[in-house]
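Structure first, then comments.
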Amino acid sequence: MTKLLANLGHQVTSRLWRLGFASRFFLAIFLYSGTSFRRLQLTLREVFFSGVMSLIIIMVSGLFVGMVLGLQGYDTLQRYGSAEALGILVALSLVRELGPVVAALLFASRAGSAITAEIGLMKATEQLSAMEMMAVNPIARVVAPRFWGGVISMPLLAALFSAMGIFGGYLVGVVLIGVDEGSFWSQMQATVDFREDIVNGIIKSFVFGVIVSWVAVFEGYDAEPTAEGVSGATTRTVVTSSLAILAADFVLTALMFRGV
Amino acid sequence: MNQEPLVQIRDLNFSYDSRKILSGINLTIPRGKVVAIMGSSGCGKTTLLRLIGGQLKPSSGEVKVNGQVVHELSPEALYAMRRRTGMLFQFGALFTDMSVFDNVAFQMREHTDLPEELIHDLVMMKLHAVGLRGAHNLMPSELSGGMARRVALARSISLDPMLMMYDEPFAGLDPISLSIVGVLIRKLNDALGASSVVVTHDVQESLKIVDYIYFVSAGKIVAEGTADEIRQSKTPYVHQFVWGEADGPVPFHYPSVPYGDELMQAVN
Ligand SMILES: Nc1ncnc2c1ncn2[C@@H]1O[C@H](COP(=O)(O)OP(=O)(O)OP(=O)(O)O)[C@@H](O)[C@H]1O
Ligand SMILES: [Mg+2]
């Protein structure tokens with residue numbers, strides 16, 4: 001029994017320690033972010049890598065999610081005789097919720113895990129150590145550009161996801177089922193609010209971008225410098241950031257859409 | 001020229017957690033000289049280099065480089081010191097996301113404002129010195145182990161350092177590249193007016209090129225001397241090492257309970 005308690009206490013304190021390290025690491029990234037912006041091509045290269053890597057999966061998933069929304073939405077709406085509202089339903093679900101959340105989940109498993117694996121391997125093969133010996137700070141040169149690359153890519157990918165989703169909803173709703181094209185678009189335009197819906201969606205995807213990138217670079221940098229260490233860290237990146245995204249989504253939604 | 005040795009190590013102790021790795025090390029690297037550190041695998045040679053480079057902090061004692069105590073330097077001063085030191089890592093540690101050329105150019109681009117044409121010429125010169133000018137477009141994954149180490153060598157000398165540290169520069173090289181790299185280490189040292197530490201197992205090769213040799217065993221310096229003194233030495237440690245005998249005072253096994261006891265335990 002005491003053993004169990006001691007074990008539990010140990011688990012809790014070690015988790016807390018790690019959270020503390022992660023927070024300090026977060027501050028260090030900001031402290032050493034000068035290089036990422038002074039030498040913008042370093043960051044843009046990471047935007048390119050994490051963005052392009054996730055492009056196909058984001059576009060295809062967006063299309064399918066939109067098509068499913070088209071089917072399900074039509075099925076529900078036509079019972080109340082308001083099938084023309086399909087455009088609104090598809091657009092709002094995507095822009096407010098599914099775009100940022102699903103894109104972030106995909107981003108975490110595609111780009112986040114890749115970032116963790118890359119940094120972890122650089123550590124395991126002493127590349128970070130070598131860089132330090134060359135008087136180049138690895139947080140400034142390797143970590144911060146990847147962090148900012150992820151933060152910048154995320155809203156762009158979420159927007160792309162939503163756009164593909166709306167297109168998918170259009171394909172199913174208008175082209176396949178035959179909902180009136182004019183009202184599909186015009187109702188969408190009239191109802192989707194820039195400040196309430198689009199800006200809030202962008203804020204969400206930005207926050208998710210920070211979460212995924214932070215978890216990914218921290219897990220990589222903190223990985224045990226062995227093959228198992230890196231593979232464990234990669235898994236933790238996906239699990240931790242997915243849970244954090246869903247939790248943050250609830251909090252953000254509660255804050256943003258209260259009373260609407 | 002300043003007569004004070006470039007590196008002075010006094011009563012250095014170091015432990016990982018509770019395991020003592022180095023104890024009471026005293027060692028000097030005079031300016032302009034090439035010093036070898038030899039010892040069996042796992043005796044703490046790489047650890048010693050990391051202590052000189054300031055990546056580890058001593059448990060007690062001190063390492064002085066160019067008159068400054070390394071573990072007391074501010075981060076800025078430490079980085080300033082590291083700009084003037086080069087280190088060849090045991091496993092090369094090339095940046096795997098950059099080509100051979102970019103690896104060698106890395107420090108020049110990070111620390112200087114040299115124009116790209118000049119960097120190109122300098123990089124080609126360094127690669128020529130290690131015989132790999134033709135390989136400048138390859139990625140590290142396309143190199144053999146020995147080639148990677150030579151590229152790493154070219155990278156570590158890219159800013160003409162005052163102190164060079166080589167961790168096993170001869171491992172994995174064929175006899176020809178081995179003696180070329182040996183001569184290169186000596187020549188670079190003399191041409192740059194630098195000082196060098198070479199950590200190595202290769203007794204014969206290093207006897208040809210180094211000025212002074214330290215033998216480390218179980219975290220202590222057990223013998224030292226010039227190349228000639230070492231060749232003639234009758235000390236059992238040195239004799240065993242120079243002639244590569246398995247039995248002798250140099251322990252081959254990682255410390256553990258006696259093998260017999262372990263077998264008995266398994267039986268019980
Ligand atoms: N990060 C670490 N944590 C704990 N112990 C370590 C660590 N790194 C090395 N050691 C231990 O320190 C000792 C010395 O290691 P070191 O790498 O300095 O050996 P070495 O002399 O360079 O050996 P080799 O010739 O095989 O490269 C080894 O016994 C090793 O087990
Ligand atoms: Mg070693």
Excluding same-chain residues fewer than 8 positions from B:Lys64, which lysines have a Cα within less than 24 Å of its Cα? B:Lys20, B:Lys33, B:Lys45, B:Lys220
Could you give the alpha-carbon Rg of chain B over 2.2 N^0.38 Å, rounded to two decimals? 1.07
Alpha carbon convex hull of region A:150-200, volume per residue in cubic angstrom: 67 Å³
Expressed as an acute angle from 0 to 90° and rounded to the nearest 10, what is the orientation of the C-alpha long axis of helix A:200-222 relative to the principal long axis of chain A? 30 degrees
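Could you give the C-alpha radius of gyration of the protein assembly as shown expressed as a fraction of 2.2 N^0.38 Å, taking N as the number of residues it contains?
Numbers: Rg = 29.9 Å, N = 528, 2.2 N^0.38 = 23.8 Å.
The reported ratio for this selection is 1.26.
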Which three lengths, in whole Å and largest first, does region A:32-256 cover when its Cα atoms are put on their principal axes? 69, 35, 31
What are the chymotrypsin sites (Phe, Trp or Tyr not before Pro) within region A:62-103 that DSSP puts in a loop, where the Cβ has at most 12 other Cβ atoms within 10 Å? A:Tyr80
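Report the extension gain between B:Ala171 and B:Glu117 in nm, rounded to one decimal, defined as 0.36 nm multiplied by the number of residues separating them, less their alpha carbon distance. Before the final figure, lay out each step's value.
Values: separation 54, 0.36 × 54 = 19.44 nm, distance 3.36 nm.
Full extension from B:Ala171 to B:Glu117 adds 16.1 nm.
For region A:204-260, what Kirkwood radius comes out of the mean inverse Cα-Cα distance, in Å? Show your work: numbers first, answer last.
Numbers: mean 1/r = 0.0811 Å⁻¹.
So the Kirkwood estimate lands at 12.3 Å.
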Quick one: helix A:2-31 against the long Cα principal axis of chain A, what's the angle to the nearest 10°, folded into 0 to 90? 80 degrees
Only four residue types carry charge here, +1 at the Cβ of Lys and Arg and -1 at the Cβ of Asp and Glu. Report the dipole size of region A:32-256 about the Cα centre in Debye, rounded to the nearest 20. 460 debye
Along the charge dipole of the protein assembly as shown, Cβ charges K/R +1 and D/E -1, which of B:Ile9, A:Leu243, A:Phe147 sits furthest on the positive end? B:Ile9
Output row, site B:Glu62, 7 Å Cα→C-beta label point, backbone N cut-off 13 Å, window region B:1-45, residues B:8-12
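So with the 1.4 Å probe, I'd like the accessible area per residue for the protein assembly as shown, rounded to whole Å². Each step should come with its number before you reach the end.
Working: 25570 Å² over 528 residues.
Accessible area per residue: 48 Å².
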Report, in deg cm²/dmol and to the nearest 500, the calculated mean residue ellipticity at 222 nm for the protein assembly as shown, where each DSSP H run with n ≥ 4 adds -39500 (n - 2.57) and the sum is divided by the residue count. -18500 deg cm²/dmol
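Ignoring ligands, DNA and RNA, please state the percent of accessible area on region A:55-177 from carbon and sulfur, probe 1.4 Å. Show your work: numbers first, answer last.
Numbers: 3050 of 4290 Å².
Roughly 71 percent, rounded to a whole number.
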All other residues with a Cβ under 14 Å from the Cβ of A:Leu69 taken together, and with Lys, Arg as +1 and Asp, Glu as -1, what is their net charge? -1
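What FRET efficiency comes out for B:Arg109 versus A:Ser186 if R0 is 56 angstrom and r is the Cβ-Cβ distance? Round to the nearest 0.05. Intermediate results must be reported in sequence, preceding the final value.
On the way: r = 55 Å, r/R0 = 0.98.
So the FRET efficiency works out to roughly 0.55.
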Extension reserve of the A:Phe26-A:Met256 stretch, reckoned as 0.36 nm per residue once the Cα distance is removed: 80.3 nm
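Stretched out fully, how many nm does the piece from B:Asp97 to B:Asn26 gain, at 0.36 nm a residue minus the Cα gap? Let's see the in-between values first.
Values: separation 71, 0.36 × 71 = 25.56 nm, distance 3.95 nm.
Roughly 21.6 nm would be gained on extension.
Let's test the formula: R0 of 41 Å, r as the Cβ-Cβ distance of A:Gln11 and B:Ala80. What FRET efficiency results, to the nearest 0.05? Let's see the in-between values first.
On the way: r = 43 Å, r/R0 = 1.04.
Once the sixth-power term is evaluated, E becomes 0.45.
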What is the distance, in nm, between label points placed 7 Å from the Cα along the Cα-to-Cβ direction at B:Arg231 and at B:Gln55? 3.4 nm
In region A:108-192, the chymotrypsin sites (Phe, Trp or Tyr not before Pro) that fall in loop regions by DSSP, at most 15 other Cβ within 10 Å: none
So what does the Cα-only Debye profile of region B:116-268 read at q = 0.19 Å⁻¹, as log10 I(q)/I(0), no solvent term? -1.17
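Out of all DSSP beta bridges in chain B, what portion is antiparallel? Express it as a percent rounded to 5. Spell out each step's value before the answer.
On the way: 20 of 39 bridges.
Of those bridges, close to 50 percent are antiparallel.
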Any chance you could check the Cα centroid distance between region B:174-245 and region B:16-35 for me, in angstrom? 15 Å
Relative to the longest principal Cα axis of chain A, at what angle does helix A:227-256 sit, 0 to 90 degrees, rounded to 10? 50 degrees
Counting only residues 5 or more apart in sequence or on a different chain, those whose built amide H sits under 5 Å from that of B:Ser196 are B:Lys33, B:Val34, B:Val35, B:Met164
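So how strong a dipole does chain B carry about its Cα centre when Lys and Arg Cβ are +1 and Asp and Glu Cβ are -1, to the nearest 20 debye?
Numbers: 24 positive and 29 negative charges, 76 e Å.
The dipole magnitude comes to about 360 debye.
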Mind listing the phi-derived Karplus ³J(HN,Hα) values for region A:133-138, rounded to whole Hz, using 6.51, -1.76 and 1.60 with θ = phi - 60°, and x for any glycine or proline? 5, 8, 6, 10, 6, x
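Where a ≥ b ≥ c are the square roots of the eigenvalues of the C-alpha gyration tensor, would you call region B:1-125 rounded, which needs a/c under 1.5, or, failing that, prolate if a/b is larger than b/c, or oblate? Working shown, then result.
Details: a/c = 2.08, a/b = 1.65, b/c = 1.26.
Since a/c reaches 1.5 and a/b is larger than b/c, the shape of region B:1-125 is classed as prolate.
Which percentage, to the nearest 5, of the DSSP beta bridges contained in the protein assembly as shown is antiparallel? Don't jump to the answer; show the numbers that get you there.
Values: 20 of 39 bridges.
Expressed as a percentage, antiparallel bridges in the protein assembly as shown total about 50.
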I'd like the FRET efficiency for A:Thr2 and B:Glu262, computed as 1/(1 + (r/R0)^6) with the beta carbon distance as r and R0 of 41 Å, rounded to 0.05. 0.80
Determine the residues within region A:123-139 where the difference in accessible area between the chain on its own and the full set of protein chains amounts to at least 10 Å²; count protein heavy atoms only and use a 1.4 Å probe. A:Thr125, A:Glu126, A:Gln127, A:Ser129, A:Ala130, A:Met131, A:Glu132, A:Met133, A:Met134, A:Ala135, A:Val136, A:Asn137
Protein heavy-atom accessible area occluded, A/B pair - total, 1.4 Å probe, Å²: 1800 Å²
If I compute solvent accessible area with a 1.4 Å probe over the protein chains, what percent of it on region B:1-115 is carbon and sulfur? 47 percent
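The values are calculated or read from the model by the stated rules, or taken from the named source; none is laboratory data. Because the structure is a prediction, the values reported are computed rather than measured. We place every Cβ from the backbone using ideal geometry, glycine too, and count neighbours over all the protein chains shown. Calculation scope for accessible area: heavy atoms of the full protein, side chains included, ligands and nucleic acids excluded. Shrake-Rupley method; radii C 1.70, N 1.55, O 1.52, S 1.80 Å.
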